[in-house]
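Worksheet: the structure to be examined is printed underneath.
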Amino acid sequence: MARYELVKRSVALITLTNPPVNALSSPVRHAIANSMERALSDPKVRAVVICGENGRFCGGADIREFAGPLRGPPLIPVLEAIEAGDKPVVAAIEGMALGGGFELALFCHYRIAQSKARLGLPEVTLGILPAAGGTQRLPRLIGIPAALEMITTGRHISAQEALKLGIVDQVTDQNACETALEFALKAVGKPLSPRRVSTLTTPCPPDLDALLEAATMQVKKKTPGVMAPLACIQAVRAAATMPYSKGMKRESELMATLFNSGQARALQYCFFAQRTAGKWTLPSGAQWNNSKPREIRSAAVIGLGTMGRGIVVSLARVGISVIAVESEKKLLENGRQMVIGMLERDAKRRGVSASLNLLKFTLSLQDLKDVDLVIEAVFEDMALKKRVFQELSKVCRPGTLLCTNTSGLDVDALAGVTDRPHLVAGMHFFSPAHVMKLLEVVCGPRSSSETIATAMSLGKKMGKVSVAVGNCPGFVGNRMLKPYLDQATFLLEEGATPEQIDKALEDFGFAMGVFRMSDLAGLDVGWRVRKESGLTGPDVDPKNPPRKRQGRRYCPIPDMVCEQGRFGQKTGRGWYKYDKPGDTNAKPDPLIQNLLETYRSRYGIQPRNISDQEIIERCLFVLANEGFRILEDGMAARPEDIDVIYLFGYAFPRHRGGPMFYASMVGLERVLERLEHYHQAHPDVPHLEPSALLKKLVACGSPPVQQWREHIKTMRSHL
Ligand SMILES: C/C=C(\C)C(=O)SCCNC(=O)CCNC(=O)[C@H](O)C(C)(C)COP(=O)(O)OP(=O)(O)OC[C@H]1O[C@@H](n2cnc3c(N)ncnc32)[C@H](O)[C@@H]1OP(=O)(O)O
């Protein structure tokens, strides 16, 4: 797990060898300790260089080890032996030095970084803090403000920034290890005391309290209810106010409060879930590691509405040439200007030049005959989409992949009108498509493994978190959203207000409650879908009870809000009122309160006090319940996939892990019992009826979420 070599006759080269990221697992810690002992006791050795194999210094502690009891030597004493030794130790940082890897480098006397290396303390994103001395050593090295920012955000910095901050001693474009070996020889004989970070005094700003208070306010605003950043601030305070040894003790006490917390478990689960989600499978046995994606050099996007424009930008900024198609000259011109503006702003922000030369705008589908892949992003209307796919089938060369950005329509029905159903898949982006990280790749029953591999790999290239899902109405994300939204409006009927429901969800951790979010997204889209599907409007049979559709409970309040022209922020009125159209500051609206009161008295509903607990349980347990049904139906391969979709597409609070992980943390038995209770109270809401999979898991003793897959295996799968 670490290779020991004597090089240049007098330098011990210790290479960490734990692929893929040289994490500091127990055998690696052992090997470092043994290698250091050997180097320090060998009279031939005058200096030491520590590097990582395969151009990666070290990705930090082995996160997988956090779930079990500590085995092997604890990290801090291993690192302390490096600093305390009487021979200069140089860290040769290539690739990355993160978390414990960065802390390892901070215990070395010198640090050399390759110019492409990234450094950082991302522990906060895992719900913990840099507890191998990071919170005590970094402030001593670079001062409180810069250290505080790095530690509370977990931001990775470049080698150049690390040099500017004084973290590394030299940046090289050459091999960091070679440079470090030369550097180490020159360091021999120089005094080591000033190089021992633990002996430095933290430069303490005069306004320390104000600085820490401002940082506290900032993290509370940015990540309300999240514990780790607040603990990081307390640890940094200790670096400023306590001697090193006491500060280390404080760091370890604070770590103890976080290490076994539900938030840490949730955030670490998110880390692995995100990586698991890329590992797609199909019923044919094809999967991520045995299917080759095609290279996509050119693409076309049809439709330059909000979604289409975002997709064009996402493609062009990763170097793919794009033909953008609209149906009318005016729309095309408007789209062109907006896309160019977006790309220019994006390039300016990233400090690169805008790739405008990759763009072509056209009114004719005929121009698409040679592209590698098409993404259709026209209006959400099946007849229109079918016409587009028929046309594409005639125009595009036989090998072109045809993808749709539909948010829930039947991908296989579109495949069926083409001459190449195996080359058709869904690529469901989230709005705004150039910002949102999620991509649902919809696998139709006839989509080939090459098609899915290509869509997944293209998503990755565009910087998206791509998740393979099955072809069912709404796919995974939007399918689950419906029962969640329904519960929110049922709660309105029963006595809650939009602001009460939003507050309960925001206290839970959502950045925005369901009504504020709906106002932002626009209420008219859902209204149109409901009208088209005959749930509201003239097509509804007048004999139909107003609060029922097909025997199920239906809440017409969202339709009534839309009938008043209240479409959300864009019209200055929705579930809330705004000072003017486009404003974002939502204020409770007495007119909505009136509407609710009139509605309740018209239908003889006695409003009752509804607790926050009921709001959370009904909204979130029903969400998870639909997730269980999706797993049962085989439309998602694993609970992790569902959670990743909700984390990246619907801003589910990361420290809660996602709806499925949250259900497991609450306890499946409790979720089942509450769903049974609510279903008994509302038998006309089938979504509240506990799913078969939930019952099965409870019957099996509520296994942890990572083991659910074994119980799902026996059910049918589309993935
Ligand atoms: C106290 C706490 C201390 C001292 C700590 O150090 S906590 C850990 C701090 N470190 C991190 O948070 C870094 C986490 N890793 C990453 O950010 C990234 O993996 C990376 C930037 C190091 C590399 O990114 P990339 O090249 O895209 O590769 P992947 O992210 O896909 O990772 C490859 C596989 O390695 C596994 N991995 C990565 N880091 C760790 C780790 N620290 N411990 C255990 N396993 C790790 C990752 O899960 C991937 O595994 P597979 O999916 O391939 O099985």
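The values are calculated or read from the model by the stated rules, or taken from the named source; none is laboratory data. These numbers were taken from a predicted model, which means no experiment stands behind them. All Cβ positions, even for glycine, are placed from backbone atoms using ideal geometry, and neighbour counts span all protein chains on display.
Read through the list (1) more than 11 Å from the ligand (Cβ to nearest atom); (2) under 28 Å from ASN260 (Cα atoms); (3) not in a helix (DSSP H, G or I), then give the number of the only condition that VAL49 fails. Here VAL49 meets the rest and fails (2). When residues in the stretch 463-475 are screened for being in contact with a Phe, Trp or Tyr (Cβ under 9 Å, 6 or more places away or on another chain) and crowded, with 23+ Cβ neighbours inside 10 Å, 4 of them pass. Yes or no: the stretch 606-623 includes at least one residue that is among the aliphatic types (A, V, I, L, M), more than 25 Å from ASP519 (Cβ to Cβ), within 19 Å of the chain's Cα centre (by Cα) and not in a loop (DSSP other than H, G, I, E, B). There is no residue in the stretch 606-623 that is among the aliphatic types (A, V, I, L, M), more than 25 Å from ASP519 (Cβ to Cβ), within 19 Å of the chain's Cα centre (by Cα) and not in a loop (DSSP other than H, G, I, E, B). Of the strands (runs of 3 or more DSSP E) lying entirely inside the stretch 390-482, those containing at least 3 residues that are under 16 Å from the mean Cα position of the chain (by Cα) and over 24 Å from ASP367 (Cβ atoms) span 438-443, 465-470.
Inspect all residues belonging to the stretch 612-634 and state whether any of them is touching a strand residue (DSSP E or B) at 6+ places or on another chain (Cβ under 9 Å) and aliphatic (A, V, I, L, M).
Scanning the stretch 612-634, I find at least one residue that is touching a strand residue (DSSP E or B) at 6+ places or on another chain (Cβ under 9 Å) and aliphatic (A, V, I, L, M), so the answer is yes.
Of the residues GLY85, GLY101, the single one that is under 27 Å from ILE157 (Cβ atoms), of a type outside the set (S, T, N, Q) and in contact (Cβ under 8 Å) with a residue 40 or more places away in the chain is GLY101. Determine, yes or no, whether GLY335 is of a type in the set (Gly, Ala, Ser), more than 29 Å from ASP419 (Cβ to Cβ) and not in a loop (DSSP other than H, G, I, E, B). Considered against the rule, which asks whether it is of a type in the set (Gly, Ala, Ser), more than 29 Å from ASP419 (Cβ to Cβ) and not in a loop (DSSP other than H, G, I, E, B), GLY335 comes out as no.
Every condition in (1) more than 13 Å from the ligand (Cβ to nearest atom); (2) buried (at least 18 other Cβ atoms within 10 Å of the Cβ); (3) more than 30 Å from ARG638 (Cβ to Cβ) holds for ALA235 except the one numbered (1). For LEU358, the conditions (1) modelled with pLDDT under 95; (2) more than 27 Å from PHE475 (Cα to Cα); (3) crowded, with 18+ Cβ neighbours inside 10 Å all hold with the exception of (1). For the criterion of being under 24 Å from MET96 (Cα atoms), of a type in the set (Lys, Arg), part of a helix (DSSP H, G or I) and at pLDDT 95 or above, LYS246 fails. Of the residues making up the stretch 549-569, those that are more than 33 Å from the chain's Cα centre (by Cα) and assigned to a strand (DSSP E or B) are ARG549, ARG552, ARG553.
Listed here are the strands (runs of 3 or more DSSP E) enclosed by the stretch 105-212 that have at least 1 residues being surrounded by fewer than 19 Cβ atoms within 10 Å (Cβ to Cβ) and away from the ligand (no atom under 16 Å from the Cβ): 170-172. Residues being buried (at least 19 other Cβ atoms within 10 Å of the Cβ), at pLDDT 95 or above and of a type outside the set (A, V, I, L, M) are entirely absent from the stretch 407-415. Checking ALA300, ALA273 one by one, the residue that is in a strand (DSSP E or B) and either within 26 Å of ALA433 (Cα to Cα) or among the hydroxyl-bearing types (Ser, Thr, Tyr) (or both) is ALA300 and no other.
Answer yes if at least one residue in the stretch 663-673 is β-branched (Val, Ile, Thr), under 30 Å from LYS437 (Cα atoms) and in a helix (DSSP H, G or I), and no otherwise.
yes
Of all residues in the stretch 118-147, those that are farther than 18 Å from ILE82 by Cα have Cβ atoms under 8 Å from Cβ atoms of residues that are near the ligand (Cβ under 7 Å from one of its atoms) and of a type in the set (Val, Ile, Thr), 6 or more apart or on another chain, in LEU126/ILE63.
Kindly provide the set of residues from the stretch 566-584 that are under 17 Å from ALA521 (Cβ atoms) and loosely packed, with under 15 Cβ neighbours inside 10 Å, ordered by number. Once the filter is applied, which keeps residues that are under 17 Å from ALA521 (Cβ atoms) and loosely packed, with under 15 Cβ neighbours inside 10 Å, the stretch 566-584 yields PRO581, GLY582, ASP583, THR584. Being under 22 Å from VAL525 (Cα atoms), crowded, with 18+ Cβ neighbours inside 10 Å and either under 26 Å from the mean Cα position of the chain (by Cα) or aromatic (Phe, Trp, Tyr) (or both) is the filter here; which residues of the stretch 306-337 pass it? Matches in the stretch 306-337: MET307, GLY308, ARG309, GLY310, ILE311.
Pairs are defined by a Cβ separation below 8 Å, a sequence spacing of at least 6 or placement on different chains, a first member in the stretch 198-221 that is within 17 Å of ILE151 (Cα to Cα), and a second member that is outside any helix (DSSP H, G or I); the pairs so defined are THR202/GLY143; PRO203/GLY143; LEU211/PRO205; VAL219/VAL226. Of everything listed in (1) surrounded by fewer than 18 Cβ atoms within 10 Å (Cβ to Cβ); (2) near the ligand (Cβ under 10 Å from one of its atoms), the single unmet condition for ARG3 is (2).
Every residue, every condition in (1) surrounded by fewer than 24 Cβ atoms within 10 Å (Cβ to Cβ); (2) over 24 Å from VAL561 (Cα atoms); (3) touching a residue at least 60 places away in the same chain (Cβ under 8 Å), yes or no:
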site: ASN594; (1), (2), (3): yes, no, no
site: ILE605; (1), (2), (3): yes, no, yes
site: ARG638; (1), (2), (3): yes, yes, yes
site: VAL644; (1), (2), (3): no, yes, yes
site: LEU647; (1), (2), (3): no, yes, yes
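The set of residues from the stretch 23-55 being crowded, with 22+ Cβ neighbours inside 10 Å and in contact with a helix residue (DSSP H, G or I) (Cβ under 6 Å, 6 or more places away or on another chain) comprises LEU24, ARG29, ILE32, MET36, ALA47, VAL48, VAL49, CYS51. Every condition in (1) at pLDDT below 95; (2) under 29 Å from GLU80 (Cβ atoms) is met by LYS221 except one, and the failing one is (2). Of all residues in the stretch 246-280, those satisfying the criterion of being among the aromatic types (Phe, Trp, Tyr) and either free of Cβ contacts under 8 Å to residues at least 12 places away in the same chain or more than 9 Å from the ligand (Cβ to nearest atom) (or both) are TYR269, TRP280. Within the stretch 52-83, the residues that satisfy the criterion of being among the basic types (Lys, Arg) and within 11 Å of the ligand (Cβ to nearest atom) are ARG56, ARG64. Go through the residues of the stretch 686-701 one by one and say whether even a single one is under 25 Å from ALA264 (Cβ atoms) and either part of a helix (DSSP H, G or I) or acidic (Asp, Glu) (or both). Yes, the conditions are met somewhere in the stretch 686-701.
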